[in-house]
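The values are calculated or read from the model by the stated rules, or taken from the named source; none is laboratory data. Keep in mind that this is a model prediction, so the values were computed, not measured. Every residue, glycine among them, receives a Cβ derived from its backbone with ideal geometry; neighbour counts consider all protein chains shown.
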Amino acid sequence: LVIDESGVLYIGKTRIGDSTEEESQTVLKDRVMQWTRGKNQPWLVDVEADEKVDYGSIVPVIARLKELDVSMNLVIRPKPK
């Protein structure tokens, strides 16, 4: 999962929408449920975020993953040098 500097959520290269919007959260939930179906735990995803991303844009994604029992690594992309 990727959250860009404007708070837009992507699954892979597919744009989902604003990470705080309910519609985007629904799509995220559906996609994660499809991905985990039939797979044994632990489920682990990387959540990659630009360092400029507001914390409020990340929290709904973390909460949704936790609700679905998916573990995550939070990866912050630093500014290019």
So, of the residues in segment 23-52 that are closer than 13 Å to Leu68 by Cα and either assigned to a strand (DSSP E or B) or touching a residue at least 60 places away in the same chain (Cβ under 8 Å) (or both), which turns out to be nearest to the chain's Cα centre (by Cα)?
-> Val45
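When you go through Asp69, Asp18 one by one, which is the residue that is over 10 Å from the mean Cα position of the chain (by Cα), at pLDDT 90 or above and over 16 Å from Val2 (Cα atoms)?
Values: Asp18 fails: over 16 Å from Val2 (Cα atoms).
The conditions single out Asp69.
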Test Trp43 against the stated conditions and say whether it is closer than 12 Å to Leu1 by Cβ, of a type in the set (Phe, Trp, Tyr) and surrounded by 14 or more Cβ atoms within 10 Å (Cβ to Cβ).
-> no
